[in-house]
Amino acid sequence: MSHHIVFLDRDSVKAQIRSPNFKHTYEEYSITSFNQIITRLQHATIAITNKVQLSEEMLVKLPRLRMVAVAATGYDCADISACRKHGVTVANIRNYAAHTVPEHVFMMVLALRRNLIAYRQDVENGLWQKAQQFCLFTHDISDLFGATMGIIGEGAIGQGTAAIARGFGMRVIFADHGSLTKGDVEFIPFEKVLSESDVLSLHCPMTPTTREMIGINELRKMKRSSLLINTARGGLVNEAALIQALDEGLIAGAGVDVLTSEPPESGHPLLKLQRPNFILTPHVAWASDGAMQLLADQLIDNIEAWVAGSPQNLVT
């Protein structure tokens, strides 16, 4: 059987993608709008998508489609129950970002804990030049050693974040598995993670149960000296509540790499939040050159394994 592969949003993967080792035809599109999806997949047996949404309404109109290869770990771009119903296999990418995302997390954590942005602004504004001594003490600086890192999600990225945290001498706690201890990993209830963390980092998927898991009530339970870091999915955090928490000083700062709607509209409230204790990056925590090449290689590995009858990394 010859397969027809269509990559709907090729520009979302900045890496070389090798040709699969089976008989096939291939099409790729830089981006694909909602109205173009069905037309472009009309003859496809395999669809590759990073963020282009595939709903049941579309699947009904795509009887030839047999596999969706998601070019990401998060697979909320596909209606999983509908894929199962229509016999469409879904595979995602695993463990490719175990270094790049944790490094991005700590880039933001260090900048916030040591007030990097505020100090840079002071230097740019001439405050150091006017100082009466050799150094400038205009903002607090906090060490990571001895602080508590709370992590939601204990997959490869969560574990990678924990490894770096321990290297800084931090205590690491994981949530959502009850009061259990496993080796040097401490699992405690979610509510306790909120109250004990000096840094709370999110590394869980977007599901109906995790959507807006961090709202104003959760932010009120955190320390006023704590930081919230989200490099997972924007919808995990209620964005209006985050702004309120920063305005009211409920937390000390936040680092965000993901938003509920991406790309954001120009008037998005978090885009206008110009303050030294808030860092916003454009969904690039995952995007180191090395990580993206690993993703691209595994993407084709997943497709080849499915065609060979030995599927891997299956969601359905």
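Using every Cα-Cα pair within the chain, state what percent have a distance larger than 24 Å. Spell out each step's value before the answer.
Details: 28886 of 49770 pairs.
Of the Cα pairs, 58 percent sit more than 24 Å apart.
In a shell of Cβ-Cβ distance under 12 Å around Gln53, excluding Gln53 itself, what net charge do Lys and Arg (+1) and Asp and Glu (-1) give?
-4
Assuming 1.306 mPa s and 10 °C, estimate D for the stretch 100-280 with Stokes-Einstein, Rh taken as the Kirkwood radius over Cα pairs, in µm²/s.
Details: Rh = 16.9 Å.
After rounding, the answer is 94 µm²/s.
Let's test the formula: R0 of 41 Å, r as the Cβ-Cβ distance of Ser195 and Asp289. What FRET efficiency results, to the nearest 0.05?
Efficiency computed from Cβ-Cβ geometry: 0.60.
Taking R0 as 22 Å, what's the FRET efficiency between Gln16 and Glu304 from their Cβ-Cβ distance, rounded to 0.05? Could the numbers behind the result be given before it?
On the way: r = 16 Å, r/R0 = 0.72.
With a Förster radius of 22 Å, E is 0.85.
How far is helix 100-113 tilted off the main Cα axis of the chain, in degrees rounded to 10, range 0 to 90?
Result, in degrees: 20.
Whole-Hz Karplus ³J(HN,Hα) for the stretch 117-134, in order, using 6.51 cos²θ - 1.76 cosθ + 1.60 and θ = phi - 60°, x for Gly and Pro?
My calculation for the stretch 117-134 gives 5, 5, 5, 4, 4, 4, 5, 4, 8, x, 5, 5, 5, 9, 5, 8, 9, 6 Hz in order.
In terms of the ratio Rg/(2.2 N^0.38 Å) built on C-alpha atoms, what value belongs to the stretch 199-302?
Working: Rg = 15.0 Å, N = 104, 2.2 N^0.38 = 12.8 Å.
This ratio for the stretch 199-302 stands at 1.16.
Return the sequence-ordered ³J(HN,Hα) values of the stretch 84-91 in whole Hz as given by the Karplus equation 6.51 cos²θ - 1.76 cosθ + 1.60 applied to θ = phi - 60°, using x for Gly and Pro.
My calculation for the stretch 84-91 gives 4, 4, 9, x, 9, 6, 10, 10 Hz in order.
Restricting attention to the alpha-carbon atoms of the stretch 1-156, what are Rg (one decimal) and Dmax (integer), both in Å?
When restricted to Cα atoms, the stretch 1-156 yields Rg and Dmax of 23.8, 78 Å.
Report the label-to-label distance for Ser261 and Ala118 in nanometres (one decimal), using points 7 Å from each Cα along the Cα→Cβ vector.
Distance between the two pseudo-spin positions: 3.2 nm.
Helix 156-167 against the longest principal axis of the chain: what's the angle in degrees, Cα atoms only, rounded to the nearest 10?
30 degrees
Quick check: pseudo-label points 7 Å beyond the Cα along Cα→Cβ at Gln244 and Ser30, how many nm apart are they?
4.1 nm
Measuring from label point to label point, each 7 Å out along Cα→Cβ, what is the Asn217 to Asp76 span in nm?
Label at Asn217, label at Asp76, 2.0 nm between them.
Please compute the length gained on full extension between Lys272 and Phe137, using 0.36 nm multiplied by the number of residues separating them and subtracting their Cα-Cα distance. Spell out each step's value before the answer.
On the way: separation 135, 0.36 × 135 = 48.60 nm, distance 2.75 nm.
45.8 nm is the gain from fully extending Lys272 to Phe137.
If you plug each phi of the stretch 301-316 into the Karplus form 6.51 cos²θ - 1.76 cosθ + 1.60 with θ = phi - 60°, what whole-Hz ³J(HN,Hα) values come out, in order, with x for Gly and Pro?
4, 4, 5, 4, 5, 5, 5, 6, x, 10, x, 9, 6, 7, 9, 10
Helix 239-248 versus the longest principal axis of the chain: what is the Cα-based angle in degrees, 0 to 90, to the nearest 10?
Approximately 0 degrees, to the nearest 10.
Bear in mind these aren't lab numbers, they're just calculated from the coordinates by the rules spelled out. Please read these numbers as outputs of a predicted model, since none were measured by experiment. Please note: Cβ atoms are built from the backbone with ideal geometry, for glycine as well, and neighbour counts cover all protein chains shown.
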